[in-house]
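The values are calculated or read from the model by the stated rules, or taken from the named source; none is laboratory data. Note that the coordinates shown come from a computational prediction; the quantities given were computed from them, not determined experimentally. Note: ideal-geometry Cβ built from the backbone for every residue, glycine included; neighbour counts use all protein chains shown. Only protein heavy atoms, including side chains, enter the accessible area calculation; ligands, DNA and RNA are left aside. Shrake-Rupley method; radii C 1.70, N 1.55, O 1.52, S 1.80 Å.
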Amino acid sequence: MPKFSSLRSRIIFVVGLLTFAGLIILTVTNMLVAKRHSLQDLNVATTALARSHAESVGLWVAARQQVVRSMAAAVDAPDPVEFLKQAKIAGGVDTAYIGYPDKRMIFSDKQDLPAGYDPNTRPWFQQAS
């Protein structure tokens, strides 16, 4: 401890030192509390956002499934192209199509498929079968 000539100087030094130490402790405590609250708020916001996105994706999938279910009548129709065009619009997709076991493919819009294209070998066809 530095040499102080008077008691008053010593008291001022000790009080100043204690005040400085108290401010340091208060600052560190405030930083830790603020960090904890920020992380909690971030966690709550992230969880809410994730739930919102999950709900949106679920609704999107359900709507597309409904469009696919609505196309069931088109499978046996003599000319399903009109059904497919409506499904394309309702589903918000680029193309709607039906693949048949006899290797026929019918699309909502004209497509240029390679010669010998066989929908039966496609994973989506096998999964649907």
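Just a few scattered comments:
- Helix 81-91 axis, angle to the chain major axis (alpha carbon atoms, nearest 10°): 10
- On a per residue basis, the chain carries 80 Å² of accessible surface, using protein heavy atoms and a 1.4 Å probe.
- Shown for the chain: the carbon plus sulfur share of the solvent-accessible area, taken with all protein chains present and a 1.4 angstrom probe, equals 63%.
- Residue of ALA115, ALA90, ALA50 that the Gaussian network model of the chain assigns the largest fluctuation, springs spanning Cα pairs under 10 Å: ALA115
- Distance (nanometres) between label positions extended 7 Å along Cα→Cβ at TRP124 and TYR100: 1.9
- Options (1) 21.4; (2) 16.3; (3) 16.8 - which one matches Kirkwood radius over Cα pairs in Å as calculated here: (1)
- Note on VAL75 and ALA48: their simple-model spin labels are 4.4 nm apart, each label 7 Å out from Cα toward Cβ.
- For LYS110, the aspartates and glutamates whose Cα falls under 16 Å of its own Cα, not counting residues fewer than eight places away in the same chain, are ASP79, GLU82, ASP94.
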